[in-house]
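The values are calculated or read from the model by the stated rules, or taken from the named source; none is laboratory data. Model, not experiment: these values are computed from the prediction. Quick reminder, even Gly has a Cβ in these numbers, built from the backbone with ideal geometry, and neighbours come from all protein chains shown. In case anyone asks, the SASA skips ligands and DNA or RNA and just uses the protein heavy atoms, side chains included. Shrake-Rupley method; radii C 1.70, N 1.55, O 1.52, S 1.80 Å.
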Amino acid sequence: MQNIKSNSVCNAIILIGLSIFIIGNTNLQAQGCIAVRHMSCAAPGTSNADLFKQNQGHWQFTSSYRYFKSFRHFVGDVEQEQRVAEHTQVINHQHAVDLGLIYSPSLRWSFGVYLPYQVNDRSSLYEHYGNSITSNPDQLRFHSQSSGIGDLRINASYWLINPGKFKPYNISLGLGVKLPTGDYKATDQFYKLDKEKVQYTITKPVDQSIQLGDGGVGVSLESQAFYQFSNRLTAYFNGFYLSNPRETNSINFSVADQYAARMGVNVGMAKGFSLMGGGRIEGIPSSDLIGGDKGFRRPGYIISAEPGLAYMNSAFSFVASVPVALYRNRTKSYSDKQDPAGLKHGDAAFADYLISISAAYRF
């Protein structure tokens, strides 16, 4: 019998309701089995010269919500279409609310702290009875889940050009620290059949893609920039690279680096609204900048087109975007590269699109 846990639905509803209650909006984003964790420094935002007029000496509350469903398997950049056709694909549903508090003591400096909360559901055949007809005659699919806080992040950023001069362009550089507050060894029940086809369960860690944290202290380099061509047209960029020096955690999952970047243009409309169009890339490298590469990881990256809608007034800003995957590539991991024949190449499941909504309130 299929094991569908009702508390997953309740947790998701509570999570969505909490986000709507706090910020009156929603933010969604897609990764899949490539476990790129949400970072506020790569979430949609609004930047232009006018924004600095109300920033000095202000606090800012930020919130975002993301959701995605991943189910398309890739080896390299080749989709394994038979997985969906045979109904053996892994399906991940992930919800995350990211809450942040930022203080700007001056026009150039800002300091922030961010804490995510996640609700994850993963269904598969292979982790339970198995994918084959022999091991799983009725092709039953079971669920594993995780929920709780993720890894806390603290950062500081600095605008290179004095915003008081109200230039139509600027660049900000930031430095952040990620602390291992999220549970990196969350467990759940997995369903098995013995030789007599009698069901039993075992408790073990859930898949890396739905773990709440990675178990390591990381350092992130962050940047954002804008160029305001006119009152209606602004180009933007923001992104980060997170370095995780720790090689593996206690359950032999790799504590991997990750990165994301976005760029595009905002076109101003009436009454504070603007349309956004651009692209983004996010991923996990197969080798870290610092530290070793052993342990289990699914490296890869996603390139997406990102249309969106933004709104900003003197105290409130809101951005909603839907990045749609254009290119997905599950690259070779460290263990794949150890194959002397060069044939080993693991797979990963990706989503078709990412929905991302974020909001900020200055007070």
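When the test is whether a residue is of a type in the set (Phe, Trp, Tyr) and more than 20 Å from the chain's Cα centre (by Cα), Phe296 does not pass it. Out of everything in segment 345-363 that is open to solvent by less than 40 Å² (accessible area, probe 1.4 Å) and assigned to a loop (DSSP other than H, G, I, E, B), what residue ends up being nearest to Pro299 (Cα to Cα)? Within segment 345-363, the match that is nearest to Pro299 (Cα to Cα) is Gly346. When segment 260-277 is filtered for residues that are under 18 Å from the mean Cα position of the chain (by Cα) and either under 24 Å from Arg232 (Cβ atoms) or surrounded by fewer than 21 Cβ atoms within 10 Å (Cβ to Cβ) (or both), the ones remaining, listed by number, are Ala261, Arg262, Met263. Selection over segment 151-206 of residues that are aliphatic (A, V, I, L, M) and under 28 Å from Arg246 (Cα atoms) gives a count of 9. Per this entry, Lys185 is not counted among residues that are at pLDDT 95 or above and in a strand (DSSP E or B). Inspection of segment 307-315 identifies no residue that is touching a Cys at 6+ places or on another chain (Cβ under 8 Å), buried (at least 17 other Cβ atoms within 10 Å of the Cβ) and not hydroxyl-bearing (Ser, Thr, Tyr).
Residues in segment 218-259 that are β-branched (Val, Ile, Thr) and open to solvent by 20 Å² or more (accessible area, probe 1.4 Å): Val219, Thr248, Ile251.
Report whether or not Tyr117 is touching a helix residue (DSSP H, G or I) at 6+ places or on another chain (Cβ under 9 Å), modelled with pLDDT of 95 or more and open to solvent by 50 Å² or more (accessible area, probe 1.4 Å). So Tyr117 fits the description; yes. Any residue at all in segment 159-171 that is of a type in the set (A, V, I, L, M, F, W, C), surrounded by fewer than 19 Cβ atoms within 10 Å (Cβ to Cβ) and touching a Phe, Trp or Tyr at 6+ places or on another chain (Cβ under 6 Å)? The answer is no; no qualifying residue exists. For segment 67-104, taking the residues that are over 27 Å from Asn131 (Cα atoms) and open to solvent by less than 10 Å² (accessible area, probe 1.4 Å), the one that is nearest to the chain's Cα centre (by Cα) is identified as Ala96. In this structure, Leu107 does satisfy being surrounded by 14 or more Cβ atoms within 10 Å (Cβ to Cβ), modelled with pLDDT under 95 and of a type in the set (A, V, I, L, M, F, W, C).
One line per residue, one yes/no per condition, for (1) without any contact (Cβ under 8 Å) to a residue 40 or more places away in the chain; (2) farther than 18 Å from Ile34 by Cα:
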{"residue": "Ser106", "(1), (2)": "no, yes"}
{"residue": "Tyr114", "(1), (2)": "no, yes"}
{"residue": "Arg122", "(1), (2)": "no, no"}
{"residue": "Arg153", "(1), (2)": "no, yes"}
{"residue": "Lys165", "(1), (2)": "yes, yes"}
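On the given criteria, is Val84 among the hydrophobic types (A, V, I, L, M, F, W, C) and in a strand (DSSP E or B)? Taking the combined requirement at face value, the residue does not satisfy it.
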